[in-house]
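The values are calculated or read from the model by the stated rules, or taken from the named source; none is laboratory data. Note that the structure is predicted; figures quoted are calculated from it, not measured. Cβ atoms come from the backbone with ideal geometry, glycine included; neighbour counts cover every protein chain shown.
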Amino acid sequence: MIKHLPPPTAADEYRNTAEILRDLAAQVRFGKTRNELVNLADNLDRLAAHAERQICGALELSLSPAASALDSDEPQRQHAWRKFPE
């Protein structure tokens, strides 16, 4: 039976590629090339962390009370994210 799995996130892709680069770096004979591969893997890990923060931030924003106020028909001056003097 074939299981239908959700596609990997961008963060998952970055981390998987970083792991492949580190495995390749372990097999490389020359130090400069090995260091370049490890540096690329480190950069991909940073990109993965950034992608996860963006996803978490978007989820928090969608669950916050300010976001639900944005969906309502209240006047704009009452929104938590932008207050106007009365």
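Hey, any hits in segment 58-73 for a residue that's within 17 Å of residue 9 (Cβ to Cβ), at pLDDT 85 or above and out of contact with any Lys or Arg (no Cβ under 9 Å at 6 or more places or on another chain)?
no
Taking segment 13-28 on its own, how many of its residues are in a helix (DSSP H, G or I) and surrounded by 14 or more Cβ atoms within 10 Å (Cβ to Cβ)?
9
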